Structures are given as C-alpha cells and as structure tokens.
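Dropping the structure in here first, questions after.
The values are calculated or read from the model by the stated rules, or taken from the named source; none is laboratory data. As the structure is a computational prediction, the values presented were derived from the model and not from experiment. A quick note on method: Cβ atoms are made from the backbone with ideal geometry, for glycine too, and the neighbour counts reach across all protein chains shown. Surface areas here come from the heavy atoms of the whole protein model, side chains and all, with no ligands, DNA or RNA. Shrake-Rupley method; radii C 1.70, N 1.55, O 1.52, S 1.80 Å.
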Amino acid sequence: MTPQQYVQQKAVASGSSFYYAFLFLPAPRRAAITAFYAFCREVDDVVDEVSDPGVARTKLAWWQGEVAKAYAGQPTHPVMQALMPLAADYGIEQRHLQAVIDGCQMDLEQTRYLDFAGLKGYCHLVAGIVGEVAARIFGQTDPRTTEYAHRLGLAFQLTNIIRDVGEDAMLGRIYLPVNELQQFDVKAHEILKRTYSDRFTALMRFQAERAHRLYDEAFALLPDADRRAQKPGLMMANIYRTLLREIEHENFQVLHQRIRLTPLRKFWLAWKVQALGRMS
C-alpha cells in the first residue's frame, strides 16, 4: 500500500463529514487535505483507542518525534510520507501538527473544564488549528480568513461535544464546562449514568445556541475574496449545522446514542453548497 492509498483509506474508513467536502476539491488540494486529515485521525485515535494513559503518552511522544523528523526530511510513517511533499505548497507548518498533538495530550491530562474559556483553549488546538490548516489548503488568499477558520472550527468542535456527550462520558470525559453544569443544576454523575432531565435538556439547548452563534459569526467573518475557495469549509458547516439541528429535533437524546446523518444526506448537503451555493 502506498502512502497515498494509506491516507485515502484512513479518511474513508473514518466516515467523517469532512470526507464529503474533500470530494469536490482539485486533485492536489484533495491529496493535501486527505493526508492532513489522516494525520489528525492517527493522533486522535491514540487517545480514543489506547486504554492505558502511559502507553498513549508514549505513542503521542513518538508522533512528536516523527513530525520533527519529517520536517527534517526523514518521514517514516505513511501519513507523513504522504503529507510532506505537499506541506510547503500549502503552508502546513511543523507548529500546526505539534499543536494538534498537544490538544490530544490534553485529553490524557484533563477530563473536565471549569469554564468555557478553558474549553476554548482545548478547542483551539484540536479544531481551530485544524481549521486554519484546512483554510490554507483550500486556497486562502486573505489573512482575515484565518479568524473565520478558527471560529468555524470552534463551532464544529462544540457540535461534536454535543453529539458525543454520552460516548465521552463512557471514557470518563465531560467537556461541558463545570460552571455551566452548576448553572443548570446538572450533576456529573447524572451524565455518567445517562440520566435525562429537563435540566439536562436546558443545558444542552444552551450549548446548541452558543454553537449556532459561532456558525453565524464565522460566516460573517469570511471575506468575500475567499468565499469561493472556502466552499469545502462551508460544505462541512452545512453538514455539521444540519446535524446540530437534527440533535435539537431529537430533543438532545445524546446520552445513550450517537445521532448521525446518513452518508447520502451528507453528500447531498455538500453538493448543494458546491452546485447551488446554498446552505440548508
């Protein structure tokens, strides 16, 4: 299997909404975003799939070394072998990849966040930086697009947090800020035991309203000059925001299940933005 086949397989196997936006890119940009996305999946899987925190830390340390070696011209992992020939063309810097690894390390050190400001710091690493790199690959020309990409990345990550409350709790993680749990009188043990209540629904509605505000703010920040180039990000936004609305429609029944959109619906939502320039 070539490095290019490896990253393609990694992207397809993830079933992520991101994959559907990649389909409409020209081949070189598609190769770059696929390799970068595969890198993000590799380091994220270390945290999600390795049960021993010590082993996970060792693996992330290996990735830190691999990134450093790759930028010194000696990549050994197929993901880095696929990514490095494209990194310079699209402004993918070593600091970007190290920041993503730092975000994954936070998952090993911290399972609660006292307030939204603290949660934003984590989201900056695992989503904002990813958005920044993606915007460069898509063809950013205006420096203001970076702020749009970070805001949209935050909206995506909050949507993920809302969707995955139950799954994350099974791993001992609650990303909902502690002071907001207190504000709505929701106890951590209720989430861990998958106990629904009107208080929980109110808390989740509060989270969803914040995510919707961030989507709107991101769209307002996107400069007109980059609107066409950043269509893949808008496709992802269309998919993610539709998912958020689906979760709202299901009254935030996220503790015992993962609410999803079908692959066909994701493709349709992406195509609508590509062909019609229209968000749902």
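Pick from L23, L83, L97: which is open to solvent by 60 Å² or more (accessible area, probe 1.4 Å), assigned by the TED database to the domain that holds Q4 and either in contact (Cβ under 8 Å) with a residue 12 or more places away in the chain or not aromatic (F, W, Y) (or both)?
Only one candidate passes the filter, namely L23.
Same structure, new question: Kindly check whether there is at least one residue in region 112-119 that is open to solvent by 60 Å² or more (accessible area, probe 1.4 Å), in contact with a His (Cβ under 8 Å, 6 or more places away or on another chain) and either among the β-branched types (V, I, T) or part of a helix (DSSP H, G or I) (or both).
no
Out of the residues in region 222-280 that are of a type in the set (S, T, N, Q) and part of a loop (DSSP other than H, G, I, E, B), which is least open to solvent (accessible area, probe 1.4 Å)?
So, considering only residues that are of a type in the set (S, T, N, Q) and part of a loop (DSSP other than H, G, I, E, B), the one least open to solvent (accessible area, probe 1.4 Å) is Q230.
Which residue is farthest from the chain's Cα centre (by Cα), if the candidates are limited to region 114-152 and must be without any contact (Cβ under 8 Å) to a residue 60 or more places away in the chain and closer than 14 Å to L222 by Cα?
Among those residues, the one meeting the criterion is P143.
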